[in-house]
Amino acid sequence: MYIVMIASECAPVAKVGGLGDVVFGLTRELEIRGHSVEIILPKYDCMRYDHIWGLQKCYENLLVPWFNYHISCTVWFGFVHGRKCFFIEPHSPENFFNRGAYYGFPDEHVRFAFFSKAALEFMLKSGKRPDVIHTHDWQTALVPVMLYEIYQHIGMWHSRACHTIHNFKHQGIAGANILWLTGLGRPEYYFQRDRMGDDFNHSAINFMKGAVVYANFVTTVSPSHAWEVRHSDWGYGLGHVLHQHQSHFGGILNGLDYDMWNPESDPHIPYHYSAGDISNKYKTKEALRQRMLLRDAYKPIVAYVGRLDPQKGVPLIRHAIFHALHRNAQFVLLGSSPESGINADFWAIKHHLNDNPDCHLEIGYNEELAHLIYAGADMLVVPSLFEPCGLTQMIALRYGTVPIVRAVGGLIDTVFDWDFSERPRQERNGFVFHQTDNLAIESAMDRAIGLWFNEPEQFHELAINGMRYDYSWNQPGKDYVNIYEYIRDK
Ligand SMILES: Nc1ncnc2c1ncn2[C@@H]1O[C@H](COP(=O)(O)OP(=O)(O)O[C@H]2O[C@H](CO)[C@@H](O)[C@H](O)[C@H]2O)[C@@H](O)[C@H]1O
């Protein structure tokens with residue numbers, strides 16, 4: 001099968017969070033299964049160009065219709081760790097992707113509506129006719145809409161659309177100007193509630209709703225979250241339309257790229273280990289201590305890695321730092337937030353704990369350091385308010401680091417409590433808490449830290465149980481291929 005992924009991120013070349021990991025990992029798995037896959041991305045100025053091989057122009061002067069004129073684009077091609085990637089570079093005064101950051105601009109909807117349109121135009125003009133176009137999140141949610149309303153009629157009649165929602169909170173709510181810019185036009189048609197009309201703001205269109213209505217299949221990234229978004233507030237208002245389209249909606253648990261995240265060969269960690277012999281993990285812990293300027297002491301290291309977004313349970317992350325120190329553990333954090341208030345808060349905590357030899361907060365984004373933390377820490381906290389899938393707990397499991405998670409979304413599907421799970425003991429792999437208050441995370445942390453100090457052999461067994469799980473792309477890869485085959489044959 002021939003598949004084209006269109007996305008705003010792809011690890012490691014353009015990664016902000018888990019979306020980038022999924023686009024890369026799924027593509028790689030599909031290729032291993034013998035499918036032909038290409039990825040289309042914006043050509044951001046701030047990408048990690050050191051991860052692209054053989055970057056060269058492959059299409060010049062691609063004229064993308066935009067309002068009543070055209071924007072000329074250059075399309076580049078290069079390999080990202082073996083994946084075939086096309087990068088779209090528009091030449092216009094707005095400088096859509098030359099702004100030093102991936103996201104966070106006032107014209108975000110215009111930027112990504114343009115990218116979606118340009119990706120379709122590129123496929124049309126370069127003769128690409130994929131069996132399936134797979135798009136991700138609100139940034140590329142207009143692709144299925146434009147495929148069926150415009151491009152199907154001018155040559156792309158056989159391509160089918162699959163759309164994956166990684167985060168329902170950001171849906172792409174915009175005004176009628178987007179319709180005029182993209183050539184969709186006809187606001188009275190698109191504003192209808194059974195098309196893209198937003199259910200709460202009647203003078204807006206909703207990109208993500210458009211994808212739910214137009215795509216041939218829609219997925220989110222875990223079975224539990226697929227249930228939550230239809231039956232609770234976590235659908236952020238899309239529950240109704242998901243109910244209407246539930247025959248082509250489902251949850252597929254993300255996989256993890258087991259080559260990129262592999263304690264047996266990870267180039268970013270100094271010592272390698274496996275479930276069969278985990279002893280080098282403790283040397284890695286020493287290396288992490290040196291890197292983070294922590295003292296050498298008989299204590300567990302509790303870690304947090306991730307975006308400091310309200311979704312992630314920021315007050316609980318903050319509380320976990322102080323509670324770990326209170327319980328005689330060490331704490332390391334790697335994260336950053338696009339919200340300056342949250343960043344400032346963590347900078348203040350960092351200064352406050354500056355002289356504490358048991359704590360280090362690294363505020364920023366650092367792919368290489370993330371690997372060292374996952375490998376060197378003993379436990380990882382993931383106290384999310386909502387979590388469509390969550391990759392950090394799966395990475396932790398892979399590295400023998402015990403996750404302490406809140407019972408929500410994909411975290412429920414991947415972490416099984418050491419004390420309370422109904423699974424057999426050898427399948428229990430972490431600690432789970434339910435509520436969002438401090439006492440809830442405290443009790444789970446106390447159980448984890450207590451086990452580390454009092455029953456080290458059991459803690460070791462728990463870590464090994466986690467390493468034995470298979471959260472690779474193997475099963476999800478099969479699931480996506482089944483979906484592609486199902487929609488292709490329709
Ligand atoms: N400061 C930093 N430095 C280095 N690395 C950092 C970092 N901050 C985050 N990362 C990395 O980014 C990834 C984050 O994964 P998450 O599952 O938490 O995704 P996120 O919430 O971004 O995405 C959404 O999409 C993903 C994919 O579908 C879902 O799993 C998730 O639930 C949903 O919210 C991990 O690989 C992590 O190591």
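Details
Condition check ((1) under 23 Å from LYS15 (Cα atoms); (2) outside the structural domain of GLY251 (by TED's automatic domain parsing); (3) open to solvent by less than 10 Å² (accessible area, probe 1.4 Å); (4) touching a helix residue (DSSP H, G or I) at 6+ places or on another chain (Cβ under 9 Å)) across all residues:
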{"position": "ILE154", "(1), (2), (3), (4)": "no, no, no, yes"}
{"position": "ARG160", "(1), (2), (3), (4)": "no, no, no, yes"}
{"position": "LYS169", "(1), (2), (3), (4)": "yes, no, no, yes"}
{"position": "GLY172", "(1), (2), (3), (4)": "yes, no, yes, yes"}
{"position": "ASN177", "(1), (2), (3), (4)": "no, no, no, yes"}
{"position": "PRO187", "(1), (2), (3), (4)": "no, no, no, yes"}
{"position": "GLN192", "(1), (2), (3), (4)": "no, no, no, no"}
{"position": "MET208", "(1), (2), (3), (4)": "yes, no, yes, yes"}
{"position": "VAL221", "(1), (2), (3), (4)": "yes, no, yes, yes"}
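- Matching residues, the stretch 394-427, being of a type outside the set (S, T, N, Q) and assigned to a loop (DSSP other than H, G, I, E, B): TYR399, GLY400, ALA407, VAL408, VAL415, PHE416, TRP418, ASP419, PHE420, GLU422, ARG423, PRO424
- Every residue from the stretch 284-323 that is touching a Cys at 6+ places or on another chain (Cβ under 7 Å) and either small (Gly, Ala, Ser) or at pLDDT below 95 (or both): none
- Residue count, the stretch 413-428 (criterion: buried (at least 18 other Cβ atoms within 10 Å of the Cβ) and either closer than 10 Å to TYR374 by Cα or touching an Asp or Glu at 6+ places or on another chain (Cβ under 9 Å) (or both)): 2
- Taking the stretch 251-270 as the range and being open to solvent by 20 Å² or more (accessible area, probe 1.4 Å) and within 15 Å of the ligand (Cβ to nearest atom) as the test, the residues that pass are GLY251, LEU253, TYR258, ASP259, MET260, ASN262, HIS268.
- Total residues in the stretch 124-150, condition touching a Ser or Thr at 6+ places or on another chain (Cβ under 8 Å), of a type outside the set (Gly, Ala, Ser) and open to solvent by less than 10 Å² (accessible area, probe 1.4 Å): 12
- Checked against the criterion of being open to solvent by 30 Å² or more (accessible area, probe 1.4 Å), within 15 Å of the ligand (Cβ to nearest atom) and hydrophobic (A, V, I, L, M, F, W, C), the stretch 16-34 has at least one qualifying residue.
- Positions within the stretch 224-243 being open to solvent by 20 Å² or more (accessible area, probe 1.4 Å), free of Cβ contacts under 8 Å to residues at least 24 places away in the same chain and outside any loop (DSSP other than H, G, I, E, B), in sequence order: ARG230, HIS231, ASP233, HIS243
- In the condition set (1) under 25 Å from the mean Cα position of the chain (by Cα); (2) open to solvent by less than 10 Å² (accessible area, probe 1.4 Å), ALA407 is compliant with all but (2).
- Restricted to the stretch 274-367, the set of helices (runs of 4 or more DSSP H) holding at least 3 residues that are surrounded by fewer than 19 Cβ atoms within 10 Å (Cβ to Cβ) and of a type in the set (D, E, K, R) comprises 279-292.
- Number of positions in the stretch 204-223 that are in a helix (DSSP H, G or I) and either more than 16 Å from the ligand (Cβ to nearest atom) or small (Gly, Ala, Ser) (or both): 7
The values are calculated or read from the model by the stated rules, or taken from the named source; none is laboratory data. Remember, it's a predicted structure, so these values are computed and weren't measured experimentally. Note that each Cβ is placed from the backbone with ideal geometry, even for glycine, and that neighbours are counted across all protein chains shown. To get the accessible areas, we keep the full protein, side chains included, count just its heavy atoms, and leave off ligands, DNA and RNA. Shrake-Rupley method; radii C 1.70, N 1.55, O 1.52, S 1.80 Å.
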